[in-house]
Amino acid sequence: MRRKRQTSVRAFALGCTMLLPHAVSAQTAAQAGDPAVPTSADTIVITAQRFEQRIQDVPLSVTAVTAEALQARGVSSLSEMQYAVPGLSSYRYGPGTENIQLRGTSTSIGAPTVGIYLDELPVALDQQGTGIDVPLLDVARVEVLRGPQATLYGEGSMGGTIRYITAEPDMNEVSGSAFGEASGTRDGAANFRVEGIVNVPIVSGKLAARFAGGYERIGGWIDNPVRGIADANRSTLKTFRGKIRAEMTDDTSFSLMVQHRDIDQDALDFGNDRITFAILPAFSRSNNTIVQGVIVHDFAVASLSLIGGYVKNSSSSQYDVSAFYVPFLTAPPPFGFGLPVGFITGVGIVGDSRTTMWSGEARLQSRGDSPLRWIVGAEYRDLDGESVSSAPTSPNPSPVAIFTSTGERSSKTFAAYGEASYAVTPELTLLAGLRYFNNLKAQNVSSASFGFPTTDIGRARFTSVNPRFNATYAFNENSMVYANVAKGFRSGGFNNTSAGGGVFIIPPTYAPDSIWTYEAGTKHQLFDNRLSFDVAVYRSQWKDVQSYSFAPGSSLTVVLNSGQVAGWGVDASISARPVQGLTLSGTFGWNNLAYTADTADKLKGDPVDAAVRKSWSASADYRTSLSDKIEGFLRADYQHAGRAQISLRNFGNQVIDRPSRNLVNLRAGVNISNVELALFATNVFDESAPNIVGPFGVLLENLEQRPRQLGGSVRFIF
């Protein structure tokens with residue numbers, strides 16, 4: 001039975017977050033409207049197409065969430081507002097284990113289907129749920145590009161690309177801020193978060209540095225009576241980022257960014273009714289370091305960008321699979337090993353991995369207002385990974401090792417790309433783009449299952465050619481329509497052929513899969529920009545989907561390109577300012593992507609794994625002057641996500657449910673000169689629908705939703 005302990009809200013904590021160089025005052029923000037999703041398009045400049053453009057002028061389905069919007073919502077990660085971005089949904093076992101989908105493109109195997117960038121650097125790694133967890137610390141904005149973005153952003157950008165753009169150092173003013181937040185969790189422990197940012201000009205107008213740091217303690221809410229631990233799933237997140245920028249000459253600039261992040265969670269968010277009976281702790285620990293250097297030189301008619309990057313990610317985790325293995329170990333032969341009851345009571349799957357990625361890119365793009373705009377580039381990525389896995393038992397070791405594995409993998413990628421657009425008339429612009437992708441992969445894996453060793457060595461090359469075509473017609477500077485056709489893809493991989501022992505035919509590799517999306521959209525700003533909206537309708541056709549299948553004549557599972565998925569979708573957002581200080585906004589996302597034929601792991605009509613088909617959101621933000629120096633604000637956010645599922649038809653015909661959910665957040669406070677005081681409530685009605693209903697493979701418990709939180713925050717700007 002769920003524990004009913006009430007946790008009081010702790011006192012406010014001091015901390016800091018600094019105004020960004022381009023941030024507007026609270027009064028200006030109130031007049032301009034809420035910059036959250038969606039926002040007044042004419043006030044936001046983005047670089048989704050690698051050129052600076054108003055979001056209104058970008059002929060794609062794009063959401064831009066500004067720093068002011070993130071502050072107004074009080075969120076620290078994109079997952080906290082995922083359903084307020086049309087077409088976006090995700091789930092995670094804990095911080096740093098995100099599985100993201102856009103527009104219904106998602107699978108539980110293979111490489112990610114959404115590209116993730118930190119500034120100019122790709123940080124999505126080569127396996128689902130292993131990407132870099134990017135904090136919303138001192139970011140200028142987050143850009144969510146929906147639909148295939150392969151031409152400019154490459155592999156994995158099948159459903160779209162998410163770009164986290166960090167704030168640039170200010171060359172002229174010392175500035176900074178402190179932010180602190182404390183809250184209590186229903187049926188759980190206290191949470192607190194502190195952040196600090198300092199901007200220091202070193203040589204006025206020429207050289208500046210910017211530093212940001214954050215510490216967050218997320219109190220647990222899932223108890224473990226077996227191990228006698230309350231709030232077992234608590235976690236700690238630490239982040240540091242330093243960024244330096246130099247104007248070397250009038251035409252040349254250089255920037256260097258270094259970020260390090262540590263995530264430590266004692267137990268993942270598994271349980272039923274906020275209680276877990278795990279015998280072993282399902283912990284997750286990771287740390288990553290990111291280094292990026294960028295040189296930009298402006299010629300008379302073009303601009304050259306040279307980008308170098310380094311990503312290192314290390315992780316360690318354990319899953320409790322005792323309920324799955326212990327009955328087998330204690331069952332009498334021939335159904336089990338016949339070990340004495342109590343000899344082994346706990347079995348875990350422990351994994352340690354390390355991934356490093358070096359990348360380099362050269363990009364040349366046109367400058368000026370010519371009707372012809374173009375961009376060409378080439379990039380190289382070199383990824384290496386190591387992993388070690390085992391299945392330890394307690395309180396005694398198993399007479400025969402249940403499972404061990406050590407592996408090495410590498411991926412070397414070269415790509416060349418280009419796009420060009422031409423303004424045929426002042427209203428009509430046509431665009432065409434192309435990317436060539438060449439990926440050489442290798443693996444060397446040695447494993448053993450119950451004493452039977454296997455070795456898998458593979459080497460293969462995967463290639464892809466990916467075009468994009470776009471036509472845009474602008475009726476005026478505030479109204480436009482566009483049509484876009486693009487192909488997205490992700491690379492292939494290896495099967496473990498040795499598992500068949502030479503008896504079954506197992507393909508050594510599986511090929512890349514690809515998606516074509518056909519899209520038409522429109523964007524408008526009306527009534528002196530008091531009303532803005534955008535709508536996109538699309539159809540996606542995803543072929544050669546990487547799916548779990550059976551090796552011919554056996555029960556061994558392998559990955560084959562056996563799936564075919566198709567469906568329609570709609571993205572929409574609207575923002576209105578009916579009176580001064582009040583902004584109303586809403587979003588809607590829908591897709592009906594489904595398998596068009598049976599596969600080994602799917603039936604015709606099954607939706608894409610974990611992809612929310614229908615979601616919508618609404619928000620109201622009201623700001624008013626209470627005196628010459630005091631502004632008050634009140635905000636309410638509502639998010640709805642419809643049902644989703646994960647289908648494992650070849651594992652006991654499992655259909656894992658992701659129930660629908662409704663989340664309401666409230667925030668209110670005052671701005672007094674350079675100080676903001678706020679009270680907030682998240683998940684106000686304590687929505688408890690699990691993110692995933694167990695059992696899920698060998699994981700028998702639900703993936704729990706975070707309960708209601710009540711708290712307050714202080715922000716001081718200097």
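Summary of computed values
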quantity	calculated
Subset tally (residues that are part of a strand (DSSP E or B) and under 25 Å from V565 (Cα atoms)) for the range 609-639	3
Pick from the range 242-261, criterion among the aliphatic types (A, V, I, L, M) and open to solvent by 60 Å² or more (accessible area, probe 1.4 Å), ranking: modelled with the highest pLDDT	L256
Considering residues of the range 460-489 that are of a type in the set (S, T, Y) and open to solvent by less than 40 Å² (accessible area, probe 1.4 Å) only, the residue nearest to W516 (Cα to Cα)	S464
Residue that is more than 23 Å from G694 (Cα to Cα), in contact (Cβ under 8 Å) with a residue 12 or more places away in the chain and of a type in the set (A, V, I, L, M), where the choices are L256, L280	L256
Residue in the range 210-225 that is over 30 Å from A190 (Cβ atoms) and not aromatic (F, W, Y) present	yes
For G94: the one exception among (1) outside any loop (DSSP other than H, G, I, E, B); (2) in contact with a Ser or Thr (Cβ under 7 Å, 6 or more places away or on another chain); (3) open to solvent by less than 10 Å² (accessible area, probe 1.4 Å)	(1)
Which numbered condition D273 fails, given (1) out of contact with any Gly (no Cβ under 9 Å at 6 or more places or on another chain); (2) closer than 28 Å to N313 by Cβ	(2)
Filter result (open to solvent by less than 30 Å² (accessible area, probe 1.4 Å) and on the phi > 0 side of the Ramachandran plot) within the range 272-287	R274
Candidates L329, L304, filtered to the one that is closer than 30 Å to L256 by Cα and more than 22 Å from the chain's Cα centre (by Cα)	L304
Residues that are under 30 Å from R363 (Cβ atoms), open to solvent by 50 Å² or more (accessible area, probe 1.4 Å) and among the hydrophobic types (A, V, I, L, M, F, W, C), drawn from the range 383-415	F414
Condition check for T522: surrounded by fewer than 23 Cβ atoms within 10 Å (Cβ to Cβ), part of a strand (DSSP E or B) and at pLDDT 95 or above	yes
Number of the condition not met by G492 [criteria: (1) of a type outside the set (A, V, I, L, M); (2) modelled with pLDDT of 95 or more; (3) open to solvent by less than 30 Å² (accessible area, probe 1.4 Å); (4) within 19 Å of G160 (Cα to Cα)]	(2)
Matching residues in the range 622-653 - criterion: being more than 30 Å from S547 (Cα to Cα), open to solvent by less than 60 Å² (accessible area, probe 1.4 Å), in contact with a Gly (Cβ under 8 Å, 6 or more places away or on another chain) and not aromatic (F, W, Y)	R623, T624, G632
Tally of residues being of a type in the set (S, T, Y), farther than 30 Å from T522 by Cα and crowded, with 16+ Cβ neighbours inside 10 Å across the range 416-459	2
Single condition R50 does not satisfy, out of (1) open to solvent by less than 10 Å² (accessible area, probe 1.4 Å); (2) under 30 Å from E419 (Cα atoms)	(1)
Residue match in the range 137-155 (condition: farther than 30 Å from V198 by Cα and of a type in the set (S, T, Y))	yes
Unique residue being surrounded by fewer than 23 Cβ atoms within 10 Å (Cβ to Cβ) and in contact (Cβ under 8 Å) with a residue 12 or more places away in the chain when the list is L136, L125, L121	L136
Every residue from the range 573-608 that is over 24 Å from Q645 (Cβ atoms) and part of a strand (DSSP E or B)	S573, I574, S575, A576, L582, T583, L584, S585, G586
Selection count where residues are in contact with a helix residue (DSSP H, G or I) (Cβ under 8 Å, 6 or more places away or on another chain) and open to solvent by 20 Å² or more (accessible area, probe 1.4 Å), scope the range 53-66	1
Test: residue in the range 133-143 that is among the small types (G, A, S) and under 26 Å from F680 (Cα atoms)	yes
Residues satisfying the stated conditions in the range 299-319, i.e. more than 16 Å from R285 (Cβ to Cβ) and of a type outside the set (S, T, N, Q)	F299, A300, V301, A302, L304, L306, I307, G308, G309, Y310, V311
Inter-residue pairs, beta-carbon under 9 Å, first touching a residue at least 12 places away in the same chain (Cβ under 8 Å) and closer than 30 Å to A415 by Cα and in the range 373-402, second open to solvent by 60 Å² or more (accessible area, probe 1.4 Å) and among the β-branched types (V, I, T), 6+ apart	E386/T406; S387/T406
Residues within the range 302-328 that are of a type in the set (A, V, I, L, M) and modelled with pLDDT of 95 or more, tallied	5
Condition met for I116 (of a type in the set (V, I, T), touching a strand residue (DSSP E or B) at 6+ places or on another chain (Cβ under 9 Å) and not in a loop (DSSP other than H, G, I, E, B))	yes
Test: residue in the range 542-553 that is at positive phi, assigned to a strand (DSSP E or B) and open to solvent by 50 Å² or more (accessible area, probe 1.4 Å)	yes
All positions within the range 251-307 that are among the polar types (S, T, N, Q) and more than 25 Å from A232 (Cβ to Cβ)	T252, S253, S255, Q259, T289, Q292, S303, S305
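Condition check ((1) outside any strand (DSSP E or B); (2) of a type in the set (D, E, K, R)) across all residues:
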position	(1), (2)
E143	no, yes
S157	yes, no
Y164	no, no
E173	yes, yes
S177	no, no
A182	no, no
N191	no, no
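Conditions (1) in a strand (DSSP E or B); (2) touching a residue at least 12 places away in the same chain (Cβ under 8 Å), marked per residue:
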{"position": "G308", "(1), (2)": "yes, yes"}
{"position": "K312", "(1), (2)": "yes, yes"}
{"position": "S316", "(1), (2)": "yes, yes"}
{"position": "A323", "(1), (2)": "no, yes"}
{"position": "P332", "(1), (2)": "no, no"}
{"position": "F335", "(1), (2)": "no, no"}
{"position": "V341", "(1), (2)": "no, no"}
{"position": "V347", "(1), (2)": "yes, yes"}
{"position": "S353", "(1), (2)": "yes, yes"}
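The values are calculated or read from the model by the stated rules, or taken from the named source; none is laboratory data. Note that the structure is predicted; figures quoted are calculated from it, not measured. Note: ideal-geometry Cβ built from the backbone for every residue, glycine included; neighbour counts use all protein chains shown. Heads up: the accessible areas ignore ligands, DNA and RNA and are worked out on the full protein's heavy atoms, side chains in. Shrake-Rupley method; radii C 1.70, N 1.55, O 1.52, S 1.80 Å.
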